[in-house]
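Below is one structure; the comments refer to it alone.
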Amino acid sequence: MVNYSYFPGCNLKTNAKGFEKSAIAVSKKLEAELVEIPNWNCCGTVHTMTADNLMKRIAPVRVLARSRKHVEELENSSQDIVTLCSMCNSTLKIVNSEVLVDPEKLEVINFQLEDDEETYSSDMEVKHFLEILRDNIGFAKIANKVVKPLKGFKVTPYYGCMLLHPEEAKIDDEEMPSVLENLIESLGAEVVFSPLFKYCCGSYHIVSDEDIVTRQVQKIIDSAMIRGANALAVACPLCAYNLDQQQKMLMEKTGKKEAIPIFYFSQLMALAMGEPVEINHFEDHKIDPRILLKELKFK
Amino acid sequence: MKVGVYLCECGSNIAGTVDLEKVAESVKDLPNVEVSRIYKYKCSEPGQELIKEDIDEFNLDRIVVAACSPRMHEPTFRTVLEDKGLNPYLLEMVNIREQCSWVHKDVEKGTEKAAALVKGAVLKSAAIKPLGRKKVGVTSKALVIGGGIAGIQAALDIANTGYEVVLVEKDSTIGGKMAQLDKTFPTLDCSACILSPKMVEVSRHPNITLLANSEVTEVDGFIGNFKVKIRRNPRYVIEDKCTLCDDCVPVCPVIVHHEFNEKLAPRRAIYISYPQAIPASYIIDPKTCLGIEPLVCSKCKDVCEPEAIDFDMQPEIMEEEFGAIVVATGFDTYPIENLGEYGYGSIHDVVSGLEFERLISAGGPTEGVIRRPSDGKVPKTIVFIHCAGSRDPAKHLPHCSRICCMYSTKHALMFKQLDPDALAINFYIDIRTGGKDYEEFYQRAAEEENVMFIRGKVSELIQDVDKILVRGVNTLTAESVELHADLVVLATGMVPSEGTKEISKILKLSTDIIGFVREAHPKLKPVETAITGVFVAGTASGPRDIPDTVSQAGRAAVKACNILAQKELEVEATIAQVDELLCRGCGFCVESCPYGAIELKAIDRYGHSYEIASVNEAVCKGCGSCAAACLNGAINHLGYTDSQILNLIQALSEG
């Protein structure tokens with residue numbers, strides 16, 4: 001059993017509860033448990049992308065520092081901090097590599113953290129849970145733990161932007177990634193390739209101009225459905241929110257009848273590994289995945 | 001010993017930063033200095049005369065010239081000494097331009113440095129000795145490696161001068177990439193029509209021995225005397241007997257991709273690359289043929305009336321000597337499989353420029369009708385993407401390949417001429433038309449033939465049912481562009497061919513970061529390489545178009561003939577010299593020599609046999625690596641001996 005210092009981020013505690021619970025459940029089953037960092041704070045999100053102000057890096061560096069402390073307390077742990085949200089992953093990775101190549105920046109940030117005795121020494125590695133699954137656990141072991149193969153599931157992997165960009169934060173080849181495909185196949189489901197696998201979901205436009213998001217989501221969903229998909233697998237809470245909620249909007253606005261459920265990859269794993277269906281919080285989804293489970297007679 | 005010191009102003013090049021009056025003043029009282037003079041252009045005829053007059057008047061026997069780099073005018077001043085009957089190595093050049101005036105701004109400090117450098121040279125000159133140049137014989141025969149247009153042209157030019165040439169080509173035929181092209185820009189004349197007469201000339205020329213299907217495996221020796229091993233791979237078809245009747249092809253059961261057609265068409269295991277191939281003979285591909293060990297099929301042999309097929313042919317190793325070598329091993333195109341944003345080569349209707357060249361060629365797999373590889377349909381909209389994988393230092397090639405703008409424009413124009421109602425859209429970063437009549441060609445395409453040009457890059461290509469969704473940007477209007485194309489052509493750039501990389505290793509040629517052969521000087525020695533006697537022509541040293549390749553091949557041929565024309569060659573005298581008494585034969589120098597110029601040889605000393613280092617004077621470049629590596633101080637670098645260098649250091653340390 002390996003213990004990983006796990007950073008949840010805000011979404012995992014609010015509208016992506018099913019993502020977190022299913023991921024923690026399967027991590028235990030795979031003997032690579034995600035253990036939450038005590039007393040964590042916001043990853044800093046988009047604010048860390050500003051180039052001119054180091055203030056904005058304090059939050060992510062504090063997260064890294066606390067994770068480091070956490071790792072020391074954990075038994076049988078590695079120097080990895082594991083994330084589920086692809087935005088958190090990207091933010092922490094970028095800041096971690098930034099302070100690694102520029103110790104002067106780290107010094108300035110550490111000065112702010114000294115009072116709380118939370119200085120950082122840039123010796124952690126930020127990993128997405130998908131990387132742990134692929135590199136540390138391996139798909140063969142995952143396939144071994146499958147008790148209910150996902151027969152009849154035709155899943156389109158959807159990566160969005162943050163898993164693959166920018167260069168220093170990507171977890172796979174940005175042009176033709178394979179980690180979600182391999183994972184889905186190891187669960188016994190069929191992969192349906194859609195060329196719009198990283199087409200923007202509309203992202204934060206959801207708060208200012210919903211129409212942009214609606215248009216993007218329609219293209220992504222149509223592209224998957226034309227190719228025969230009956231489910232979409234994602235790793236980002238914002239993608240999931242946009243794709244799920246906007247499909248409902250489209251149904252209401254245009255009278256569109258068909259929709260496909262959006263799964264977090266960990267929810268598919270939890271189903272295949274026989275975890276209780278309740279941990280997935282499917283009731284939070286606008287397009288209820290349980291309808292698909294029923295159609296496929298998945299129990 | 002009497003020393004004359006000459007300081008050159010080089011116009012304002014040196015005098016602008018160095019106060020030469022002060023320098024002249026400072027050297028006056030140095031030991032042995034008879035005379036010191038300042039002159040505006042020392043390299044000029046009157047400047048040289050001045051030295052000659054002083055030699056007569058003052059009986060000078062050491063000359064110190066403080067001017068530009070010795071790379072520029074050392075030969076000029078050595079000739080001055082020779083003219084007056086002095087040994088040319090009694091000259092000391094001081095570089096006070098490139099290494100002093102050009103790199104400094106402060107006159108006071110510049111003057112101080114120049115004075116110190118000149119003082120060093122004066123003191124060093126007390127220790128220099130006359131040196132004699134050695135002579136070596138020359139084999140007056142040239143080797144040309146690579147049978148593309150560069151190699152063909154170089155071979156013909158050398159052969160027409162009257163020297164023997166061996167042309168080695170690893171493919172089954174000569175012609176190279178140019179033979180694959182349909183038309184050539186900007187005149188649109190047919191590539192094969194202008195190339196094939198030269199190929200025929202090669203095959204008929206009495207001075208040219210053509211070795212196709214052969215490879216150079218080993219090169220030893222030095223300028224004038226290269227010893228080369230050539231491996232002749234078996235053709236399994238006797239060239240002289242083959243009548244090109246084609247009876248063998250229909251009976252061959254093996255079908256594989258045809259490389260000449262960029263794998264867009266099939267060929268058999270016995271085949272001829274294209275009708276005009278030289279040598280004009282079929283060939284059997286031993287990797288796929290079923291007749292070569294174990295013999296399970298001999299259908300072609302059964303039908304061959306002239307009995308030209310011989311399954312028992314074996315590879316031969318030839319050894320020959322040459323006076324000069326021309327490397328013309330060419331390029332490959334950057335693989336579209338590297339371009340993730342354009343589908344890693346997985347989208348059928350995204351093709352490379354060279355593939356499109358075969359699709360549009362009358363001799364190609366579709367007989368000149370452009371058809372899509374996926375379904376054979378004739379496309380109505382073609383998108384041409386310039387700089388695919390070029391000018392992209394972050395992910396792909398950093399360089400510009402010089403030909404892609406032109407060949408994409410040519411492709412688009414030819415497509416429009418075949419179908420005037422069709423849509424030909426070019427996405428470009430810049431249009432680079434740096435050649436004679438190139439800009440006019442582009443203007444004609446854009447303005448008369450209605451080829452569309454959009455300034456901007458394509459970010460991705462997506463298969464969308466039976467079309468390709470092209471997503472890009474127009475940077476002139478700052479709009480994103482989305483359109484559907486039936487076919488997309490990627491203008492991929494040039495990379496060194498595998499052959500270029502291999503031959504660079506065999507010949508120990510220095511290469512740039514991409515793997516192109518590095519020239520001895522980028523401007524003034526464009527076909528010379530780091531190895532004297534080895535020249536480079538065409539795209540082996542970097543991207544260039546056909547006109548430039550042909551003219552470069554001509555120059556390489558002239559440089560090779562320069563060597564072949566001489567009965568014997570003088571080699572530089574400032575080389576390594578072994579003190580046989582001090583050498584203990586450890587072999588460190590052998591390892592340190594980048595040119596393979598030192599070997600251990602056995603000598604007899606007091607009745608015992610010892611191994612000691614021996615320098616091949618013709619190969620040694622005088623780099624000094626061995627002198628530095630020698631633990632016993634047994635190797636002296638003539639012209640830079642320890643006593644000379646110590647004098648120099650002493651002068652500089654005194655300030």
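The values are calculated or read from the model by the stated rules, or taken from the named source; none is laboratory data. Remember, predicted model here, so these are calculated numbers, not experimental data. Every residue, glycine as well, gets a Cβ built from its backbone with ideal geometry; the counts of neighbours run over all protein chains shown.
Of all the listed residues (B:Lys84, B:Lys42), the sole one being closer than 23 Å to B:Glu570 by Cβ and either basic (Lys, Arg) or in contact (Cβ under 8 Å) with a residue 60 or more places away in the chain (or both) is B:Lys84. Scanning the stretch B:463-480 for residues that are within 11 Å of another protein chain (Cβ to nearest Cβ) and either touching a residue at least 60 places away in the same chain (Cβ under 8 Å) or of a type in the set (S, T, N, Q) (or both) gives B:Gln463, B:Ile468. Within the stretch B:638-655, the set of residues being small (Gly, Ala, Ser) and more than 11 Å from B:Ala126 (Cβ to Cβ) comprises B:Gly639, B:Ser653, B:Gly655. Restricted to helices (runs of 4 or more DSSP H) entirely inside the stretch A:138-226, those with at least 2 residues that are within 14 Å of chain B (Cβ to nearest Cβ) are A:210-226. Residues of the stretch B:45-62 that are aliphatic (A, V, I, L, M) and part of a helix (DSSP H, G or I): B:Leu50, B:Ile51, B:Ile55.
For the stretch B:149-201, a tally of residues being of a type in the set (Lys, Arg) and assigned to a helix (DSSP H, G or I) returns 2. Here the condition is being surrounded by fewer than 18 Cβ atoms within 10 Å (Cβ to Cβ) and not assigned by TED's automatic domain parsing to the domain that holds B:Lys621; of B:Val216, B:Val249, it holds for B:Val249 alone. When the stretch A:82-106 is filtered for residues that are among the polar types (S, T, N, Q) and either buried (at least 22 other Cβ atoms within 10 Å of the Cβ) or without any contact (Cβ under 8 Å) to a residue 24 or more places away in the chain (or both), the ones remaining, listed by number, are A:Thr83, A:Ser86, A:Asn89, A:Ser90, A:Thr91, A:Asn96.
Within 14 Å of chain A (Cβ to nearest Cβ), buried (at least 20 other Cβ atoms within 10 Å of the Cβ) and touching a residue at least 40 places away in the same chain (Cβ under 8 Å): does that describe B:Val489? So B:Val489 does not fit the description; no. If you check B:Thr139, B:Thr111 for being in contact (Cβ under 8 Å) with a residue 24 or more places away in the chain, touching a strand residue (DSSP E or B) at 6+ places or on another chain (Cβ under 7 Å) and farther than 18 Å from B:Val35 by Cα, only one passes: B:Thr139.
Of everything in the stretch B:492-542 that is in a strand (DSSP E or B) and polar (S, T, N, Q), the residue that is surrounded by the fewest Cβ atoms within 10 Å (Cβ to Cβ) is B:Thr511.
Scanning the stretch B:193-205 for residues that are surrounded by fewer than 21 Cβ atoms within 10 Å (Cβ to Cβ) and touching a residue at least 12 places away in the same chain (Cβ under 8 Å) gives B:Ser196, B:Lys198, B:Val200, B:Glu201, B:Ser203, B:His205. Within the bounds of the stretch B:389-403, is there any residue that is more than 14 Å from chain A (Cβ to nearest Cβ), over 30 Å from A:Pro166 (Cβ atoms) and not aliphatic (A, V, I, L, M)? Yes: the stretch B:389-403 contains one or more residues that are more than 14 Å from chain A (Cβ to nearest Cβ), over 30 Å from A:Pro166 (Cβ atoms) and not aliphatic (A, V, I, L, M).
Taken over the stretch B:276-288, the criterion of being assigned to a loop (DSSP other than H, G, I, E, B) and either in contact with a helix residue (DSSP H, G or I) (Cβ under 8 Å, 6 or more places away or on another chain) or crowded, with 21+ Cβ neighbours inside 10 Å (or both) is satisfied by B:Gln276, B:Ala277, B:Ile278, B:Pro279, B:Ala280, B:Ser281, B:Tyr282. Filtered by the rule that a residue be aliphatic (A, V, I, L, M) and under 15 Å from A:Val234 (Cα atoms), the stretch A:189-223 gives A:Ala189, A:Val191, A:Val192, A:Leu196, A:Val217, A:Ile220, A:Ile221. Each residue in the stretch B:19-70 was checked for being small (Gly, Ala, Ser) and over 24 Å from B:Tyr89 (Cβ atoms), and 2 of them qualify.
With assigned to a loop (DSSP other than H, G, I, E, B), modelled with pLDDT of 95 or more and crowded, with 17+ Cβ neighbours inside 10 Å as the only criterion, which of A:Ala229, A:Ala259, A:Ala233 stands out? None of the other options fit; the residue is A:Ala229. Check B:Tyr6, B:Tyr41 and return the single one that is in a loop (DSSP other than H, G, I, E, B) and either under 21 Å from B:Ala126 (Cβ atoms) or of a type outside the set (Gly, Ala, Ser) (or both). It is B:Tyr41. Under the condition of being touching a residue at least 40 places away in the same chain (Cβ under 8 Å) and in contact with a strand residue (DSSP E or B) (Cβ under 8 Å, 6 or more places away or on another chain), which residue from the stretch B:274-290 is farthest from B:Val202 (Cα to Cα)? Looking at residues that are touching a residue at least 40 places away in the same chain (Cβ under 8 Å) and in contact with a strand residue (DSSP E or B) (Cβ under 8 Å, 6 or more places away or on another chain), I get B:Cys289. Checking B:Val351, B:Val383, B:Val327, B:Val303 one by one, the residue that is under 30 Å from B:Val166 (Cα atoms), among the aliphatic types (A, V, I, L, M) and in contact (Cβ under 8 Å) with a residue 12 or more places away in the chain is B:Val327 and no other.
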